[in-house]
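First up is the structure itself, then whatever we jot down about it.
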Amino acid sequence: MNAKFSSLMSPITLRSGIAVQNRIVMAPMTNFSSNEDGTVTDAEIAYYARRSKGVGMVVTACAYVTPNGKGFPGEFAADRDDMIPSLRRLASAIREQGAKAVLQIFHGGRACPPNLVPNGDVVSAGTVPAENGAVPRELTEDEAEAIVRDFGAAARRAIEAGFDGVEIHGANGYLIQQFYSPHTNRRNDRWGGDAEKRLAFPLAVVDAVKAAVREHAKRPFAVGYRFSPEEPEEPGLTMAETFRLIDALAEQSLDYLHVSLQEFWSAPRRGADASKPRIEWIVERAAGRVPVIGVGSIRTPDEAAKALRSGVEFVALGRELIVEPDWVAKVEEGREDDIRTTLTKDDQAELVVPDPLWQAIVNSPGWFPVVEPKR
């Protein structure tokens with residue numbers, strides 16, 4: 001292996017005691033490929049197994065914690081005990097390849113399509129609709145409390161299924177972020193108000209998940225939290241409010257924070273000056289209190305090594321691991337020049353990609369370079 005990439009392959013032990021073999025994480029990516037009842041398909045199992053050898057940790061696509069939280073067609077479920085055998089298959093497929101398996105748990109809130117939730121009842125912190133979305137119904141105080149408990153129950157199921165951890169999905173404008181955002185949360189009860197009061201729901205979810213871990217985990221079990229640093233709306237989340245969130249989460253003894261970014265080096269919009277990118281502001285604010293996972297259009301080992309030098313403890317790869325499942329192995333073997341950077345429409349079988357995800361890739365120009373196959 002080229003010595004300049006040794007930092008990417010250094011092991012690290014998380015606060016919970018989970019030992020991770022290197023600093024490369026498979027990012028959570030929706031794959032649209034589960035069965036209609038929420039169980040994992042054989043195609044998904046093969047897809048994850050193909051990408052789990054070499055990476056330190058795999059964060060799965062999101063799993064909904066309650067029936068009215070399903071955000072995507074073909075999303076797998078963690079909303080009832082009947083799903084534990086399905087989740088166990090997924091955890092085993094990842095862990096058998098040597099990676100730590102982390103289940104991302106989620107509620108889509110106002111982003112849920114009405115046809116995917118019972119009776120079309122789309123719910124949120126308030127009644128502000130998503131762009132081109134249905135007007136959601138505002139959750140009652142008791143309903144919000146019930147969803148908090150649902151997150152804890154999903155964490156218990158992840159433990160019983162053999163996962164190494166869960167990632168609380170508080171990013172990308174889904175329900176947890178909807179409760180923290182001044183754009184979507186206009187409440188004046190115990191779940192709303194100023195920024196401090198809007199933290200009530202995210203922190204309640206963290207508490208419920210941690211309580212499930214204390215009660216049910218018999219071995220080290222990690223808890224992470226994913227967040228988006230800003231929103232484009234006015235009013236909306238700014239970097240200043242993100243700093244408040246980081247401070248609150250850093251006190252929760254979490255294993256990591258996962259920053260959701262399209263571009264790793266993107267600049268702040270509001271609430272912090274543009275003298276340095278968001279990720280550096282976030283690492284500075286975390287101040288070693290909690291490890292940070294960075295993500296966002298990192299493709300090559302050189303880009304990953306540079307990203308690690310920003311101060312993050314982990315670098316997450318998403319599309320890159322779809323296109324090149326052997327990314328880590330090729331770095332370790334000194335074959336980084338052989339890392340695939342494009343794909344063709346003939347590559348599906350070789351790359352072990354389920355049909356729904358493959359169709360999403362080839363029908364989304366700009367998702368990743370697609371070239372004509374050699375004949």
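The values are calculated or read from the model by the stated rules, or taken from the named source; none is laboratory data. From a predicted model like this one, the values you see are computed outputs, not experimental measurements. In this analysis, Cβ positions are derived from the backbone assuming ideal geometry, glycine residues included, and neighbour counts consider all displayed protein chains. The accessibility values were calculated without ligands, DNA or RNA, using every heavy atom of the protein model including side chains. Shrake-Rupley method; radii C 1.70, N 1.55, O 1.52, S 1.80 Å.
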So for region 50-99, taking the charge dipole from beta-carbon charges (+1 Lys/Arg, -1 Asp/Glu), which of Gln97, Ile84, Val65 sits furthest toward the positive end? Gln97
Efficiency of FRET between Asp194 and Met1 - r from beta-carbon atoms, R0 56 angstrom, step 0.05: 0.65
Projected label distance in nm at Asp302 and Arg270, using a 7 Å step from Cα toward the beta-carbon: 3.8
For Met9 paired with Ser364, estimate the spin-label separation in nm (one decimal), with each label point 7 Å from Cα along the Cα-to-Cβ line. 3.1
Heavy-atom accessible surface of region 124-253: percent carbon and sulfur, 1.4 Å: 47
In terms of the Cα gyration tensor, with a ≥ b ≥ c the square roots of its eigenvalues, is region 142-182 rounded because a/c is under 1.5, prolate because a/b exceeds b/c, or oblate? oblate
What figure in square angstrom, to the nearest 10, would you give for the accessible area of Asp207 with a 1.4 Å probe? 80
With a 1.4 Å probe and every protein chain left in place, tell me how much accessible area Arg226 has, in Å² to the nearest 10. 20
Straight-line reach from Lys218: which aspartates and glutamates have a Cα under 14 Å away, not including same-chain ones fewer than 8 places off? Glu160, Asp164
Could you please put Met1, Met29 in sequence from largest to smallest accessible area, using a 1.4 Å probe? Met1, Met29
With each pseudo-label sitting 7 Å past Cα toward Cβ, what's the Ala329-Glu350 distance in nm, one decimal? 1.4
Where Arg156, Arg15 fall by accessible area, highest first, once all protein chains stay in place (1.4 Å): Arg15, Arg156
Here the FRET efficiency for Glu141 versus Ala250, based on Cβ atoms and R0 = 30 Å and rounded to 0.05, is 0.65
Prolate/oblate/rounded label for region 95-207 (Cα gyration tensor, a/c 1.5): prolate
If we count GluC sites (Glu not before Pro) as exposed when they sit in a DSSP loop and have at most 16 other beta carbons within 10 Å, what is the longest stretch of the chain that avoids them all? 132-232
Give me the distance between the Cα centres of region 170-248 and region 275-338, rounded to whole Å. 24
Quick check: with the 1.4 Å probe, what order do Trp265, Trp191, Trp367 take by accessible area, largest first? Trp265, Trp367, Trp191
If I build a Gaussian network model for the chain, linking alpha-carbon pairs within less than 10 angstrom, which residue out of Leu103, Leu139, Leu257 has the largest mean-square fluctuation? Leu139
Residues of region 108-148 with backbone nitrogen within less than 17 Å of a virtual label 7 Å along the Cα-to-Cβ line of Ala211, please, listed as ranges. 141-148
Under the helix-only model (-39500 (n - 2.57) for each DSSP H run of 4 or more, divided by the residues of the chain), the mean residue ellipticity at 222 nm, to 500 deg cm²/dmol, is -9500 deg cm²/dmol
Nearest-10 value in Å² for the accessible area of Thr30, using the 1.4 Å probe: 50
For region 1-110, what is the accessible area per residue in Å² when the probe is 1.4 Å? 33
